[in-house]
1. Does the stretch 130-264 come out rounded, prolate or oblate by the C-alpha gyration tensor, with a ≥ b ≥ c the root eigenvalues, rounded set by a/c under 1.5 and, if not, prolate when a/b is larger than b/c and oblate if not?
2. Given points 7 Å out from each Cα along the Cα-Cβ axis, report the Val100 to Ala154 separation in nanometres with one decimal.
3. I want the local charge near Tyr246. Using Cβ-Cβ distances under 13 Å, sum +1 for each Lys or Arg and -1 for each Asp or Glu among the other residues.
4. Cβ under 12 Å from Val95's Cβ, Val95 left aside: what net charge do those residues give with Lys, Arg +1 and Asp, Glu -1?
5. Using the crude model of +1 on Lys and Arg Cβ and -1 on Asp and Glu Cβ, and no other charge, please compute the dipole size for the stretch 73-162 relative to its Cα centre, in debye to 20.
6. Per 0.36 nm of contour for each residue apart, how much would the distance between Met182 and Gln79 grow if the chain were fully extended, relative to their Cα-Cα spacing?
7. Can you give me the solvent accessible area of Phe181 with a 1.4 Å probe, rounded to the nearest 10 Å²?
8. Could you tell me what percent of the accessible area of the stretch 186-268 is made up of carbon and sulfur, with a 1.4 Å probe and every protein chain present?
Amino acid sequence: MAKGMAGTGLAVDSPFIKYGALAMLVLQNTALVLLLRYSRTMVTDERYTPSTAVASMEALKFMTCVTVVLSQVGWSPSQLFTALNLEVVKKPMEVVKLSVPSLLYIVQNNLLYYALSNLDATPYQVCYQLKILTSAVFSVLLLGKRMSGLKWLALLILTAGVAIVKVSQSGGAAHESQNSFMGFVAVLMASATSGYAGVYFEKQLKGSTATLWMRNIQMGCTSVVLSLATVFIRDGAVVRELGFFYGYNNVVYGVVLLQALGGLVVAIVVKYADNILKGFAASFSIVTSCILEMFFFDFRSGPRVRAPPRTSAHLHS
């Protein structure tokens with residue numbers, strides 16, 4: 001009989017785990033995109049540095065996984081150190097293998113902060129669905145999966161839809177400080193890194209006897225180091241002058257928490273479903289994002305029209 005998941009009594013192949021994780025992913029995607037967008041566009045005199053948020057998220061995710069493993073060994077520090085010694089210290093090549101998705105996820109997360117600084121949440125969500133296409137391509141190349149003609153047709157329609165969204169965004173920018181073209185380029189690059197990293201991690205997860213949480217710890221060993229290195233290479237001067245947590249507020253802490261949660265939910269989905277299903281589940285969050293963005297960000301679909309400059313007649317009317 002399959003083992004229960006962390007003592008819950010649920011079989012690892014339980015539909016409850018599979019579809020429950022997918023539902024959580026939809027909710028997390030919606031909340032994260034809207035909150036991250038707000039954190040990058042809200043009026044403030046103290047703007048936080050995205051690279052520090054990525055590093056904070058990686059550290060929080062790593063500590064969460066260590067805590068879960070500690071609970072699984074009966075809250076015994078000695079048992080925890082034994083497990084870490086067996087799965088991390090004595091398996092350096094496993095850590096090296098997982099440094100590939102670690103690096104790609106860090107690049108992806110930094111790109112997404114840049115993208116949401118230049119795109120509204122809904123166009124971003126639509127364009128980012130290209131990761132379904134990249135995941136499908138890399139699944140075929142790396143995992144040897146076969147795709148039916150109908151699925152390839154659906155992916156082509158998805159690509160055409162993204163192209164339409166890009167064209168509709170070319171009519172003007174919502175804010176003068178935004179660069180929608182560069183935001184779109186960032187989303188394309190993030191989709192490519194997400195697709196490859198996700199499939200690579202899926203291959204490592206499904207070809208290993210280590211638990212999901214231990215695999216995340218193995219990956220976190222390099223993720224935390226690489227994300228901190230990114231902070232000090234890219235934004236070292238700012239951090240030294242203003243501090244690591246400069247510009248942080250409740251919204252930013254919420255973004256970090258949701259990103260860390262998302263990384264763990266994605267890992268569960270990849271373990272018990274697959275990357276393509278993960279991509280289609282994430283697509284549902286577009287609808288909820290669009291509805292909520294209309295209320296909270298005054299978003300309107302369709303081509304953007306730049307507002308005419310205000311003249312003296314407008315000012316005195």
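1. Working: a/c = 2.52, a/b = 1.13, b/c = 2.23.
Oblate.
2. 2.7 nm
3. In short, -2.
4. Every neighbour counted, the sum reads +2.
5. Approximately 340 debye in magnitude.
6. Contour length minus the Cα-Cα distance gives 32.2 nm.
7. Counting only protein heavy atoms, the figure is 120 Å².
8. Numbers: 2300 of 3420 Å².
Carbon with sulfur: 67 percent of the solvent-accessible area.
The values are calculated or read from the model by the stated rules, or taken from the named source; none is laboratory data. Given the structure is predicted, the values throughout are model-derived calculations rather than measurements. Don't worry about glycine lacking a Cβ; one is built from the backbone with ideal geometry, like all the others, and counts go over all protein chains shown. What goes into the accessible areas is simple: the full protein's heavy atoms, side chains included, and nothing from ligands, DNA or RNA. Shrake-Rupley method; radii C 1.70, N 1.55, O 1.52, S 1.80 Å.
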